[in-house]
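Below is one structure, written out as structure tokens, with a few remarks after it.
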Amino acid sequence: MKIGVIGAGGVGGYYGGRLAAVGNEVGFVARGEHLAAIRARGLEVRAHDGTFTVQVAASDDSAEIGPCDAVLFCVKSYDTEQAAGLLDPLLRPETGVLSLQNGIDNEEKIAARIGPGHVLGGVSFILTHIAEPGVIEQTGSVQRIVFGELDGSRSGRAEALLAEFRRAEVDADLADDIRAVLWDKYAYLCALAGLTAATRLPIDELLRVPETRALFGRMVGEAAEVARAEGVALSDEIVEEKIAFSEELAPGSYSSLHHDLVTGRRLELDALHGELTRRAARHGVNVPISVVIYGLLRPWELVHGLG
């Protein structure tokens, strides 16, 4: 397949790199020193199961990549609307654009720009970052993607992309109800990101302390209540499931929100806790822990310029 990747950071760089390593024609839309390094030396991926380098097309102009069979859309949530403006040159009539972003409203924003018929929703569970220009580093052992058509159908384009993910040894599956999957991850991520960023401690240490273990569970539960108010039915055992999942993460695991905070990068706080508290208010759902976490982290956006 010919696959475009908008956003060559930790998520896009990792999955795009793996797809390129098994022979797919992958083109990255990137910028700055990262783009220059990819052009000069290729993209190096330091994965949990080994390091590899791929030679790929890369440009800051999506027209130079050209029409693709599929596009991985992997920018930070605060860049969604701007990056969606780069999609037109990558599209054929049947091209699927798969969002692998944090949050629950990115698909709506992309669809508003290119039409809902092109958009697939997806979630990724992985800990990666740009270690240096041209180098993607995986910091945990988990790598998983679940994605699907927004209408729940099983399309040929989704099946074809699934086959390529699996050929690239990516743990991937299709979902019949991707909206439920998006909210399931969102509930987990709001808890993981909020608490690791607010405390500057990894999730294994937080779960060992009864008070923060309880806070984690309450945050997952708050987000699940908002999801149900939005008409999305999540598991009644979601709190226990997310605690169990977190306990399987490698010791010392944080979140991308924590990483961005401590390295002085812009935060996805508004797409996570900001959006959650706004939706909760619209539905009259009480989310006191989420409101406090949002309030604790908000000064880093306003005072320290990370917003």
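Any read-out appearing in this document is the output of simple, stated calculations on the displayed coordinates, not a laboratory observation. Remember, predicted model here, so these are calculated numbers, not experimental data. Note that each Cβ is placed from the backbone with ideal geometry, even for glycine, and that neighbours are counted across all protein chains shown.
Brief remarks on what is shown
- Considering only alpha-carbon pairs that sit under 8 angstrom and 6 or more positions apart, the relative contact order computed for the chain is 15 percent.
- Loop-located GluC sites (Glu not before Pro) in segment 137-236 (DSSP state not H, G, I, E or B) with no more than 16 neighbouring Cβ atoms inside 10 Å: 169, 230.
- For segment 1-104, the relative contact order is 31 percent, taking Cα pairs closer than 8 Å that sit 6 or more residues apart in sequence and dividing their mean separation by the residue count.
- Here the relative contact order of segment 158-307, from alpha carbon pairs under 8 Å that lie six or more residues apart, stands at 27 percent.
- Considering every alpha-carbon pair of segment 141-259, the percent of pairs per 5 Å bin, from zero through the bin containing the longest distance, is 2, 11, 19, 19, 17, 15, 11, 5, 1, 0.
- For residue 109, the lysines whose Cα comes closer than 23 Å to its Cα, not counting residues fewer than 8 places off in the same chain, are 76, 185.
- Dividing the summed -39500 (n - 2.57) terms of all DSSP H runs of n ≥ 4 by the residue count of the chain sets its mean residue ellipticity at 222 nm at -14000 deg cm²/dmol.
- Computed about its Cα centre, the charge dipole of the chain is approximately 500 debye, with only Lys, Arg, Asp and Glu carrying charge at their Cβ.
- Cα-based equivalent ellipsoid, segment 213-268: semi-axes from gyration tensor eigenvalues, Å: 25, 17, 9
- Taking GluC sites (Glu not before Pro) across segment 61-135, the ones in a DSSP loop with at most 15 further Cβ atoms lying within 10 angstrom of their Cβ are 94.
- Rounded to the nearest 10 degrees, the angle from helix 288-302 to the longest Cα principal axis of the chain is 50 degrees.
- The alpha-carbon positions of the chain define a convex hull whose volume is 120 Å³ per residue.
- Gyration tensor verdict on segment 249-307 (Cα atoms; rounded if a/c is under 1.5, prolate if a/b is larger than b/c, oblate otherwise): oblate
- Cleavage-rule hits (trypsin sites (Lys or Arg not before Pro)) in segment 168-215: DSSP loop, at most 12 neighbouring Cβ within 10 angstrom: 200
- DSSP-defined antiparallel bridges as percent of all bridges, segment 4-78, nearest 5: 35
- One decimal place: the segment residue 213-residue 25 gains 63.2 nm when fully extended, by the rule 0.36 nm per residue minus the C-alpha distance.
- Charge context of residue 119, other residues only, Cβ under 13 angstrom, K/R +1, D/E -1: -2
- Here, segment 34-183 is characterised by an Rg to Rh ratio of 0.95, where Rg is the alpha-carbon radius of gyration and Rh the Kirkwood radius.
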